[in-house]
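A.B. asks: Structure provided below as C-alpha cells; questions to follow.
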Amino acid sequence: MPKKATTHTPGPWWVDDDGYIAAGSGDTYVTIAEGLAPSDNLDEITANLSLLAAAPELLAALNDMVQTVEYLAPKKFDDAEHERELHARLEKARATLSKARGEA
C-alpha cells in the first residue's frame, strides 16, 4: 500500500554558498539537503545539487505540460499509432508525477 503523500517544501529552492540546497526567502529559509555525494568530483556534485534545487520547478513544469497535452492532443492526433505513443508517454509522465509527490 503506498504511503500517504505529503506536501514538499515549496520552491524556489537554490544552492547556497556552503553547498546546501535551501528553500525560503531572506532570513527565513530551511535546508533541504546537503551537497554530499559518493564522489570527489566537484562538477558532478555541483550538477547533482543544481538538479535537486530545480526539483520544484521541474515538478510544476511536468504537471503543467501533462495537463496541456491532455487537453490539446486528442484534438491533434487521428492516427492510432501516434495516439498509442502519446498515451504511453503521458502515462510515463503521470507515473513520474506520482513518484515525485510520494504517491507511488
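Every number in this text was worked out from the coordinates using simple rules, so none of it is lab data. The structure presented is a predicted model; accordingly, all values stated were derived computationally and were not measured. Note that each Cβ is placed from the backbone with ideal geometry, even for glycine, and that neighbours are counted across all protein chains shown.
A.B. asks: Which FRET efficiency, nearest 0.05, do residue 82 and residue 43 yield, Cβ-Cβ r, R0 25 Å?
C.D. replies: Working from the Cβ atoms, E equals 0.05.
A.B. asks: What does the charge count around residue 52 come to, taking other residues whose C-beta lies under 14 Å from its C-beta (Lys +1, Arg +1, Asp -1, Glu -1)?
C.D. replies: Taking every other residue near residue 52 into account, the sum is -4.
A.B. asks: Could you go through the stretch 42-50 in sequence order and give the Karplus-derived ³J(HN,Hα) for each residue, using 6.51 cos²θ - 1.76 cosθ + 1.60 with θ = phi - 60°, rounded to whole Hz, and x for Gly and Pro?
C.D. replies: Karplus-based 3J(HN,Hα) across the stretch 42-50 equals 4, 5, 5, 4, 4, 5, 4, 4, 4 Hz.
A.B. asks: Which FRET efficiency value, to the nearest 0.05, do you get for residue 16 and residue 66 by plugging their Cβ-Cβ distance into 1/(1 + (r/R0)^6) with R0 = 35 Å? If you can, show how the numbers build up before the last one.
C.D. replies: Working: r = 31 Å, r/R0 = 0.89.
Computed FRET efficiency for residue 16 and residue 66: 0.65.
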